[in-house]
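Worksheet: the structure to be examined is printed underneath.
The values are calculated or read from the model by the stated rules, or taken from the named source; none is laboratory data. Note that the structure is predicted; figures quoted are calculated from it, not measured. Don't worry about glycine lacking a Cβ; one is built from the backbone with ideal geometry, like all the others, and counts go over all protein chains shown. For accessibility, only protein heavy atoms count, side chains too; no ligands or nucleic acids. Shrake-Rupley method; radii C 1.70, N 1.55, O 1.52, S 1.80 Å.
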Amino acid sequence: MNKNDYNKTPSFYNTQEVFEKYLGQSSYYNALQRNVVKLCMLSKCKRILELGCATGATSIALAKAIPSANIIGLDMRDNVIKVAEQQARIHNVKNLDFVVSNFCNYPKYSAYDFIVMLYSFHHIEDPETNKIKFLSKIYNQVKKKYIFMYCRNIPEL
């Protein structure tokens, strides 16, 4: 896949309507989101980073469920961050900010005690060594008590 193809790939969920139609209402996605929220609540996280937040559904769910936490939703697409910011205003959450950034280059992983990725790891551009570098960077930056969670299949809590 060339770089131009890759840059086009992650823009499928670029509106709230498309997200809701294809992913946001799926029981699988909702179960993952509920479990992430439960884990953050159980671990009493205060600083949470969502990598590849898209239209902000999980970040917003976290912000609503844990009003004492500071949530950052990060995505590399400025058009979906605009949608996420609009959704945050609609839901009236104040403990949530969105950042436009490529999460592989984000310099502040050590500032968070819970880092979550739902449906975003595959957006790290090939070759596979890029994925390994990303995971090594997170591993080296986060403290042992911190949590990094890549969600694909986790049982209902």
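What to note about this one:
- Only residues that are part of a loop (DSSP other than H, G, I, E, B) and under 18 Å from V37 (Cα atoms) were counted across segment 93-112, and they come to 4.
- Selection of segment 92-112 for residues being without any contact (Cβ under 8 Å) to a residue 60 or more places away in the chain and either within 13 Å of the chain's Cα centre (by Cα) or surrounded by 15 or more Cβ atoms within 10 Å (Cβ to Cβ) (or both) yields V93, N95, L96, D97, F98, V99, V100, S101, N102, F103, C104, Y106.
- Unique match (being at pLDDT below 90, open to solvent by less than 20 Å² (accessible area, probe 1.4 Å), touching a helix residue (DSSP H, G or I) at 6+ places or on another chain (Cβ under 7 Å) and not in a loop (DSSP other than H, G, I, E, B)) among I115, I60, I71: I115
- Listed by first and then second residue, the pairs with beta-carbon distance under 7 Å, at least 6 apart or on different chains, first residue in segment 39-56 and touching a residue at least 24 places away in the same chain (Cβ under 8 Å) and polar (S, T, N, Q), second open to solvent by 50 Å² or more (accessible area, probe 1.4 Å) and not in a strand (DSSP E or B), are T55/Y13.
- Of all the numbered requirements in (1) over 22 Å from S136 (Cβ atoms); (2) of a type in the set (S, T, N, Q); (3) part of a loop (DSSP other than H, G, I, E, B); (4) more than 14 Å from the chain's Cα centre (by Cα), T55 misses one, and that requirement is (4).
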